[in-house]
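Enquirer: I have a structure I would like to understand better, so I am pasting it below and will then ask my questions one at a time.
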Amino acid sequence: MKYIIDKELKYVKDITKHLARYNVSYTGVRPTDEAYIYVLNNKALIGVLIIKLKWDCVFLNEYFYSNIDVLKLMLSKVCELYKEKAKAIRVSTDVLERINDFKELKFEIEGILQTSTKTSKKYYFAYYKFDIESNSNFEVIIKKDSILEYESIFKERLVKFREENKISIKKEELEIVALRNNNFVGGVKLTIFKDSIYVDMLVVIEKYRGENIGSKLMELVEEEAEKRNLDSVYLETVLSREFYEKMGYKKVVTKKNQPKDFNSYLLVKQIK
């Protein structure tokens, strides 16, 4: 067996394909959707929320809002759109103002992640009731695709927010791949941040499972973290919690019904 590090992500399609096949064999095919919510006050953009439905949950991907009332209005629209389609609304943040806003709106804290002593704690929130209501009279536009005239304004707001809160989006992606006779048998896709590695995907083709290939791939991930003097490796899994716990990973977040009738777990391992 040969293991290679690939910065060009030549095998990411193989990793994605085999992992999707593995997940679907247990959870079935889950519906997906995407929506863009815009809030206007006298034609001025005061809120944007990009949401994605996957694994029976609505995720708040990117957003800005001028105040908590605008956030509440956008979330009320999420509830109207997905009450019969999703089990929870989910969002994570390490920005104190937003943490307090989601607390005020009665989102539940499912767990807290801190990848190193140098970084802020990230709170993972969920809302299960889909009963948020708003009396706001601001204009709301809901689309399946982004509205071009608002894109530049939205990007400017996101950049300003990141600068004000010292949020770095600098990252590097790579994959570690297992090859037998130059054929793909398994791989792991990584995103590397300033203090940690996030394991996006890990898969071994079915007929090669039981040969400790997955364990070897994770050992190589941890070696990569050590070489870069990073603090931790973290990941999320639905079906493989015990595998990672045997390797020393600790559960810090439990996401109920992600997807329906399953839990998703966020685990972390300190490297130094």
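The values are calculated or read from the model by the stated rules, or taken from the named source; none is laboratory data. A quick note: this is a predicted structure, and the numbers were derived from the prediction, not measured. Counting neighbours? That spans all protein chains shown, and the Cβs are built from the backbone with ideal geometry, glycine included.
Enquirer: For Ile169, are the conditions met, namely being of a type in the set (Val, Ile, Thr), part of a strand (DSSP E or B) and either modelled with pLDDT under 95 or at negative phi (or both)? Walk me through it before giving the result.
Expert: Values: of a type in the set (Val, Ile, Thr): yes; part of a strand (DSSP E or B): no; either modelled with pLDDT under 95 or at negative phi (or both): yes.
So Ile169 fails the test.
Enquirer: Assess whether Leu40 counts as being touching a residue at least 60 places away in the same chain (Cβ under 8 Å), exposed (fewer than 15 other Cβ atoms within 10 Å of the Cβ) and assigned to a strand (DSSP E or B). Before you say what the answer is, go through the steps one by one.
Expert: Details: touching a residue at least 60 places away in the same chain (Cβ under 8 Å): yes; exposed (fewer than 15 other Cβ atoms within 10 Å of the Cβ): yes; assigned to a strand (DSSP E or B): yes.
Here the answer is yes, as Leu40 does meet what is asked.
Enquirer: Let me ask another. Determine which member of the set Ile147, Ile99 is more than 30 Å from Tyr198 (Cα to Cα) and modelled with pLDDT of 95 or more.
Expert: Matching residue, one of Ile147, Ile99: Ile147.
Enquirer: Continuing with this model, one more query. Check Ile50, Ile68 and return the single one that is surrounded by 14 or more Cβ atoms within 10 Å (Cβ to Cβ), within 17 Å of Tyr150 (Cβ to Cβ), modelled with pLDDT of 95 or more and of a type in the set (Val, Ile, Thr).
Expert: Numbers: Ile68 fails: within 17 Å of Tyr150 (Cβ to Cβ).
Matching residue, one of Ile50, Ile68: Ile50.
Enquirer: Could you tell me which numbered condition Ile15 fails, if it satisfies all but one of (1) assigned to a loop (DSSP other than H, G, I, E, B); (2) of a type in the set (A, V, I, L, M, F, W, C); (3) within 18 Å of the chain's Cα centre (by Cα)?
Expert: Result: Ile15 fails condition (1) only.
Enquirer: Considering every residue within segment 104-118, establish whether at least one is modelled with pLDDT of 95 or more, over 27 Å from Pro259 (Cβ atoms) and more than 18 Å from the chain's Cα centre (by Cα).
Expert: Yes; the residues of segment 104-118 include at least one that is modelled with pLDDT of 95 or more, over 27 Å from Pro259 (Cβ atoms) and more than 18 Å from the chain's Cα centre (by Cα).
Enquirer: Turning to a different aspect of this structure: So which residues in segment 8-23 are in contact with a Lys or Arg (Cβ under 7 Å, 6 or more places away or on another chain) and either within 17 Å of Glu236 (Cα to Cα) or among the hydroxyl-bearing types (Ser, Thr, Tyr) (or both)? Show your work before the answer.
Expert: First pass over segment 8-23, keeping only residues in contact with a Lys or Arg (Cβ under 7 Å, 6 or more places away or on another chain): 12, 15.
Passing the criteria: only Ile15.
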